[in-house]
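See structure below.
Computed from the coordinates by the stated procedures, all read-outs in this text should not be read as laboratory data. Quick caveat: nothing in here was measured; it's all calculated off a predicted structure. We place every Cβ from the backbone using ideal geometry, glycine too, and count neighbours over all the protein chains shown.
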Amino acid sequence: MTAIRVVCRTCSAEVNSAEVDVAIRCSLCVARALVAQLVSEYERLWAKRTRYRRRGAPHAALEHQIGRLAVRIGGKLHERIRNPQRAGELLNQLLSEARQRADSSGGKILVPRFGHELVGEGARA
């Protein structure tokens, strides 16, 4: 029996029909959506850590909190993605992207200017 190939509506990747959900999203996109809120929290904490380190403030408790959050994100990804190597790669990619976004803002909290809107899940205006 041959598998039907479909295109993911989110990332446009071609995957087997067995690997998509009802909204025709691949398993990686479903997993990304599942942990999006936790990843944004990780990004916020990473920016806070950067601010604390720059000012020389104690941040050991913050390091532990970031570590616990990373473990929670990894646990959710491993529950959703069957291949442990693929789940680990996605975890590393998501956390790296979050750190880069936090570092690119210089550890500051970004507030949109009038007429600009925030894009992405969990964006508030």
Requested in this report: Whole Å is fine, so just give me how far the alpha carbon centre of the range 1-35 lies from that of the range 45-66.
Outcome: 37
**Report entry** Whether the range 35-104 is rounded, prolate or oblate, judged on the alpha carbon gyration tensor where a/c under 1.5 counts as rounded
**Finding:** prolate
Query raised in the report: Within a Cβ distance under 14 Å of Ser27, other residues only, what is the Lys/Arg minus Asp/Glu net charge?
Result: +2
Requested in this report: With a point put 7 Å past each Cα toward its Cβ, work out how far Ala60 is from Val7 in nm, to one decimal.
Outcome: 5.5
Requested in this report: Positive end of the charge dipole of the range 1-112 (Lys, Arg +1 and Asp, Glu -1 on Cβ, about the Cα centre): tell me which of Ile73, Gln100, Cys8 has its Cα farthest that way.
Outcome: Gln100
